[in-house]
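Engineer: Submitted below is the structure of interest, expressed as structure tokens.
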């Protein structure tokens, strides 16, 4: 026995090479789609223990903040794309200048990296947004609160996710320590929303676009815990409007690959909350629940292949996230969950279990929302907490 | 940048380890299911260029005919299973004697390796078989033809697949060169079948069994080219009877993991043709077409986890194999196939393209058999031959 070398005597069918920067669960699940299509997925990981690194042969270790590592990584890739938004914009521009096909490009991706630029651009193209402004000091925040009312939501312009980098302030005094931290901020008016929706669309370099059905996302403590597909009881005209907004944003911003648009549904209509340009938690339900998973769709889009059907495979699909608890012994709970519900689909990401961390998800499919939702909830609670409820 | 080492500082969630001997497309597609379940799939490959070796980090190079390589491979595995039937029976027995959990065990698997033992055992348990006999010389074959009529089908007791190791003889003279080759043979009466069916069942070590819907398999030159799920127009009682036969064989033979039972449908009922104890070509449709794919099901069975729902996800599912032609440039054909049919699912195995070799498959799903079948056929012909028909 020996360890394998990657140069063999045969001539295997070598497909297009897609390089994904980052090796979290999004890259890991992309590998499942890449295997089917014969696409060679390469990832840039910080450690061989990362979620995707453990299932991808062509894992390169390096630093996504290093221009040299990125250039070395991109060599030989037919397309370069992302598992996260943290690659410095100037490095992405440099890769494109070197002739690499980077999707999404820096001009688009910057709107998922920088909330101020995102708000400016969305406002310019007429996409519905909460009232917002750049704020630098207490006077700015006070003026914003004066005009738009309290509470005021402060958001870090860069780096926030899953509720981090967001502060809801009832008065200017609460904004003071956030302002004092020196982080670049925008203020947004607090939106009294009815629920949160998300629209996932894909756009390819030559301009084809598709939209998945609009879903409802349920958050707890700023973290998505559940996705209901399609969004229950959503007026078809509102749904079509949401898809139209998302496709328009993708086109106007020149997005290539996936774009997830998180929205608030309010009494006065839809408002765009956040953008992500990669496979997104709100689209994990598509693995079993849509004819083309978001991961396959992203690969097709970044390679400029024709996009796949986003048609749902069941009337109701519910995805529930598995958030880490104190006990890492999750596999012992497979027996009950699988015996209890032979149709439940379990996804573990192979990540270290830490409290509150997304370590997997479950998906249930069926005809009746309450039944399907209960199945997903039961499996998620049991897998993470070992409690039968 | 550096190449990854598999010992890191973090403590990732490490799942059960399943070792699969062989690294063809069955192991490759099993990896997609393993990724979802957080199961660590290890394969024993002859070369790093093999289909599964290219997508599985824990690939070990070795020889499945070497007892030492097999023992080394099995160390640390929670279950050991197979991508093919070619591992010597005595080596499998030795692994079990060493305390490794091997599924299926040698006592079961030998019936998928040795056609004479298979026929003896099936006859003993009353499973319907064609007339058959062991034959050693021309007199045996002549006597068999005398009793059961011509043509007589000679089959190699070991090693045949995809039509190899099968000879249809109209007279004893045609049998002479086969007999002269020294290969151990059985004779079977030629079955004038209406069509070929296949039943895929799973059985776990503690005895749970499930059956997928009965499918029709369409062969050309002894190679499966198309699978129709469920078998069109099959009488529900006949279907239930076929499932019952397959589940009984699994139980009586002590199969653990998957069992594919290939059958002839004849005017006088069903006859068992062949057995396979692993994921099977007749079950590739389950990746998108059943709630639990055969690959996930096999992993669950060999780990003695509760089995998953075999329920179909669409009224009609058609799988068409991609058989290699002269031109290896298959990826250039993705554009047409994906644009023509956004719902078609393409699977490439990353194997060297050789004429007649199974290099991938496509799956179409829908409501109407003729439409779905035509979609699969069109995609398969275009992908392999570049011809628009």
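Readers should treat all values here as calculations from the given coordinates under stated rules, not as data from a laboratory. Computed from a predicted structure; not experimentally measured. Cβ coordinates were reconstructed from backbone atoms using ideal geometry, including for glycine residues, and neighbour counts include every protein chain displayed.
Engineer: Provide the percentage of antiparallel DSSP beta bridges, counting only those with both residues in chain A; round to the nearest 5.
Structural biologist: Numbers: 57 of 71 bridges.
Taking every DSSP beta bridge with both residues in chain A, the antiparallel ones total about 80 percent.
Engineer: While we're on this one: Take every Cα pair under 8 Å in chain B that's 6+ residues apart, average their separations, divide by the length, and report that relative contact order as a whole percent. Show your work: numbers first, answer last.
Structural biologist: Working: 827 pairs, mean separation 49.5, N = 389.
In percent, rounded to a whole number, it is 13.
Engineer: In a Gaussian network model over chain A where Cα atoms closer than 10 Å are linked, find which of A:291, A:164, A:375 has the largest mean-square fluctuation.
Structural biologist: A:164
Engineer: Which of the three applies to the range B:195-385, rounded, prolate or oblate, going by the alpha-carbon gyration tensor with a ≥ b ≥ c and a/c under 1.5 meaning rounded?
Structural biologist: prolate
Engineer: Another one. Tell me the Kirkwood radius of the protein assembly as shown: reciprocal of the mean inverse pair distance over distinct alpha-carbon atoms, in Å.
Structural biologist: 27.8 Å
Engineer: What percent does the relative contact order of the range A:131-189 come to when contacts are Cα pairs within less than 8 Å and at least six residues apart? Provide the component values of the computation, followed by the final result.
Structural biologist: Numbers: 96 pairs, mean separation 29.4, N = 59.
The value is 50 percent.
Engineer: Let me ask something additional. Based only on other Cβ atoms within 10 Å, what is the fewest-to-most ordering of A:20, B:29, B:338?
Structural biologist: Arranged by neighbour count, lowest to highest, A:20, B:29, B:338 become B:338, B:29, A:20.
Engineer: Can you classify the range B:167-209 as rounded, prolate or oblate using the Cα gyration tensor, where a ≥ b ≥ c are the square roots of its eigenvalues, rounded means a/c under 1.5, and otherwise it's prolate if a/b beats b/c and oblate if not?
Structural biologist: Judged from the Cα gyration tensor, the range B:167-209 comes out oblate (a/c at least 1.5, b/c at or above a/b).
Engineer: A further question on this structure: Express in whole angstrom the spacing between the alpha-carbon centres of the range B:244-262 and the range A:131-160.
Structural biologist: 67 Å
Engineer: Continuing with this model, one more query. Using a/c under 1.5 as the rounded threshold, could you call the range B:285-389 rounded, prolate or oblate? The axes a ≥ b ≥ c are square roots of the C-alpha gyration tensor eigenvalues, and prolate needs a/b larger than b/c, oblate otherwise.
Structural biologist: Since a/c reaches 1.5 but b/c is at least a/b, the shape of the range B:285-389 is classed as oblate.
Engineer: So what's the back-of-envelope 222 nm ellipticity for chain A, counting only DSSP H runs of four-plus at -39500 (n - 2.57) apiece and dividing by all residues, rounded to 500?
Structural biologist: Using -39500 (n - 2.57) per qualifying helix, the result is -9500 deg cm²/dmol.
Engineer: For a quick check, take a GNM of chain B with Cα springs below 10 Å and name the residue from B:36, B:171, B:301 with the largest mean-square fluctuation.
Structural biologist: Top of the fluctuation ranking is B:36.
Engineer: Residue A:222 label points, 7 Å along Cα→Cβ, one per copy: pairwise distances from this copy to the rest in nm, shortest first?
Structural biologist: Spacings between copies for this position, smallest first, are 6.6 nm.
Engineer: Kindly put B:132, A:150 in sequence by how many other C-beta atoms sit within 10 Å of each C-beta, fewest to most.
Structural biologist: Fewest to most other Cβ atoms nearby, the residues stand as A:150, B:132.
Engineer: Okay, moving on. Label position 7 Å from Cα toward Cβ: report the copy-to-copy distances for residue B:123 in nm, one decimal, ordered from shortest.
Structural biologist: 8.7
Engineer: If neighbour count is taken as other Cβ atoms inside 10 Å, put A:371, A:81, A:217 in order from fewest to most.
Structural biologist: With the fewest neighbours first, A:371, A:81, A:217 line up as A:371, A:217, A:81.
Engineer: While we're here: Which of B:42, B:54, B:203 moves most in a GNM of chain B, Cα contacts under 10 Å?
Structural biologist: Fluctuation is largest for B:54.
Engineer: Suppose we keep just the DSSP beta bridges with both residues in the protein assembly as shown; what percent of those would be antiparallel, to 5?
Structural biologist: So the antiparallel bridges in the protein assembly as shown amount to around 80 percent.
Engineer: Moving on. May I ask you to derive the relative contact order of the range B:195-385, considering only C-alpha pairs under 8 Å and at least 6 residues apart, and to give it as an integer percent?
Structural biologist: Worked out over the range B:195-385, it gives 21 percent.
Engineer: Report, in whole Å, the centroid distance computed from the Cα atoms of the range A:181-215 and the range B:49-68.
Structural biologist: 44 Å
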